[in-house]
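The values are calculated or read from the model by the stated rules, or taken from the named source; none is laboratory data. Here the structure is a predicted model, which is why all the values come from computation and not from measurement. Note that we place each Cβ from the backbone using ideal geometry, even for glycine, and neighbour counts take in every protein chain shown. Only protein heavy atoms, including side chains, enter the accessible area calculation; ligands, DNA and RNA are left aside. Shrake-Rupley method; radii C 1.70, N 1.55, O 1.52, S 1.80 Å.
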Amino acid sequence: MEWLTEFRRAAGDVAAGRPLVATIATVDTACSPRARSVVVRHIGVDGSIWFASDARSAKNAQLAADNDAEIVVWLPEAREQFRFFGTVDRLGPAMGGKRLKIWQQMSDASRALFFWPAPGTPRTQDDAAFPTTVDAATAPPVTFEVLFLEPAQVEHLRLLTHPHQRRRWRSDTGWEREELNP
Ligand SMILES: Cc1cc2nc3c(=O)[nH]c(=O)nc-3n(C[C@H](O)[C@H](O)[C@H](O)COP(=O)(O)O)c2cc1C
């Protein structure tokens, strides 16, 4: 897929040095938009975008109720933006090995977050309730979830050219490239 080649090229430069941070927008039960940053943990061969999130978090509840979502990635060095619209699913029990692999590839500090008190609830605990490191040999808690967005539509915006270049690909048209006005 052309868009996946483009995304891997543009993201590869940053992925080498530091985490690839994306914004994921969901809708809540009142149909209001909600957005937040997540680290992209894996890009599948099918272009699926994987991230880890706590089962107790608002985003997981929103995605369980309505799994439509959009992920946006801004790559400042390349001056390129990618937008992925699609549906988000959780790794099922049959894919437990993949879930564990992502757990083990995360940093000690990132793993520790999953042992903190429930996200978004009132802060009542003292600092001791928030561990700083958890090693890779520790099993993930059941609330550690790996979610992945399967794109149905991808947009790519390049700011380096004049005029800017905006392209769209949709799965329902066989991922045929469309050139759009930026
Ligand atoms: C740079 C950065 C990376 C983050 N990565 C993640 C992540 O990978 N997974 C995650 O659940 N939250 C991540 N967060 C925290 C979320 O942005 C958000 O605050 C948290 O998940 C709660 O969101 P929710 O209430 O909408 O579920 C990250 C925040 C920042 C600033």
Residue among I102, T5, L20 farthest towards the positive dipole end of segment 1-122, charges placed on Cβ: I102
Treating only Lys and Arg (+1) and Asp and Glu (-1) as charged, each at its beta carbon, one finds that segment 127-181 has a dipole about its Cα centre, in Debye to the nearest 20, of 400 debye
Which whole-Hz couplings ³J(HN,Hα) result when phi for each residue of segment 55-69 is put into the Karplus expression 6.51 cos²θ - 1.76 cosθ + 1.60, θ = phi - 60°, listed in order with x for Gly and Pro? 4, 8, 7, 4, 5, 5, 5, 4, 6, 5, 7, 8, 8, 6, 7
Percent accessible area from carbon and sulfur atoms, the chain, protein chains only, probe 1.4 Å: 53 percent
For segment 56-108, what does the alpha-carbon gyration tensor say about shape, rounded, prolate or oblate, given a ≥ b ≥ c as the root eigenvalues, a/c under 1.5 as rounded, and a/b over b/c as prolate? oblate
Averaged per residue, the 1.4 Å probe accessible area of the chain, protein heavy atoms only, in Å², is roughly 55 Å²
In the chain, taking the dipole from +1 charges on Lys and Arg beta carbons and -1 charges on Asp and Glu beta carbons about the Cα centre, the listed residue (A137, N181, P117) farthest towards the positive end is A137
Magnitude of the Cβ-charge dipole (Lys and Arg +1, Asp and Glu -1) of segment 61-150 about the Cα centre, nearest 20 debye, reported as 200 debye
How compact is the chain by the rule of thumb for globular proteins, expressed as Cα Rg over 2.2 N^0.38 Å? 1.11
Looks like segment 1-104, by Cα gyration tensor root eigenvalues a ≥ b ≥ c and the a/c under 1.5 rounded cutoff (else prolate when a/b is bigger than b/c, oblate otherwise), is oblate
Taking the simple approach of a point 7 Å from Cα along Cα-to-Cβ for both A128 and Q105, what is their distance in nm? 3.7 nm
With each label point set 7 Å from Cα along the Cα-Cβ vector, what nm distance links L180 and A152? 1.5 nm
Yeah, segment 138-179 with a ≥ b ≥ c from its alpha-carbon gyration tensor (a/c under 1.5 is rounded, else prolate when a/b outruns b/c, oblate otherwise) is oblate
With n ≥ 4 as the cut-off for DSSP H runs, can you work out [θ] at 222 nm for the chain, using -39500 (n - 2.57) per run divided by the number of residues, rounded to the nearest 500? -6000 deg cm²/dmol
Run the simple label-point estimate for R79 and E2 please: 7 Å along Cα→C-beta, distance reported in nm. 2.2 nm
Measuring from its Cα centre, the chain shows a charge dipole (+1 at each Lys and Arg Cβ, -1 at each Asp and Glu Cβ) which, in debye to the nearest 20, is 200 debye
Grab the other residues whose beta carbon is less than 11 angstrom from that of V134, score K and R as +1, D and E as -1, and report the net. -1
